[in-house]
Amino acid sequence: MEREVKCPWCGELVIPIDSDYSGQYGEMREKRCPKCGKLVSVCLKEGK
């Protein structure tokens with residue numbers, strides 16, 4: 001189960017929405033606030 005975090009943009013306690021995409025530096029995983037839609041965190045996915 002995902003943990004709740006405080007969105008730095010809207011200040012709400014939310015469970016971020018995960019999504020994956022292919023960025024300039026490789027496969028990325030980002031987390032966005034479900035209330036305001038702004039980016040909360042992003043990181044590279046683990047290598048194969």
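Restricting to the stretch 5-48, name every residue that is in a loop (DSSP other than H, G, I, E, B), among the charged types (D, E, K, R), at pLDDT below 95 and open to solvent by 80 Å² or more (accessible area, probe 1.4 Å). Let's see the steps before the verdict.
The initial filter retains those residues of the stretch 5-48 that are in a loop (DSSP other than H, G, I, E, B), namely 7-12, 15-16, 24-25, 33-38, 45-48.
If we keep only those that are among the charged types (D, E, K, R) too, we end up with 12, 35, 38, 45-46, 48.
Those still in the list that are at pLDDT below 95 too: 45-46, 48.
Matches in the stretch 5-48: Glu46, Lys48.
Taking the conditions exactly as written (within 10 Å of the chain's Cα centre (by Cα) and free of Cβ contacts under 8 Å to residues at least 24 places away in the same chain), does Cys33 satisfy them or not?
Spelling it out, it is not the case that Cys33 is within 10 Å of the chain's Cα centre (by Cα) and free of Cβ contacts under 8 Å to residues at least 24 places away in the same chain.
With the structure loaded, tell me whether Lys38 is touching a Pro at 6+ places or on another chain (Cβ under 9 Å) and not small (Gly, Ala, Ser) or whether it fails that test. Walk me through how you get there before you give the answer.
Numbers: touching a Pro at 6+ places or on another chain (Cβ under 9 Å): yes; not small (Gly, Ala, Ser): yes.
Criteria met by Lys38.
The values are calculated or read from the model by the stated rules, or taken from the named source; none is laboratory data. Fair warning: this is a prediction, and the values are worked out from it, not measured in the lab. Reconstructed Cβ throughout: ideal geometry from the backbone, glycine too, with neighbour counts over all protein chains shown. What goes into the accessible areas is simple: the full protein's heavy atoms, side chains included, and nothing from ligands, DNA or RNA. Shrake-Rupley method; radii C 1.70, N 1.55, O 1.52, S 1.80 Å.
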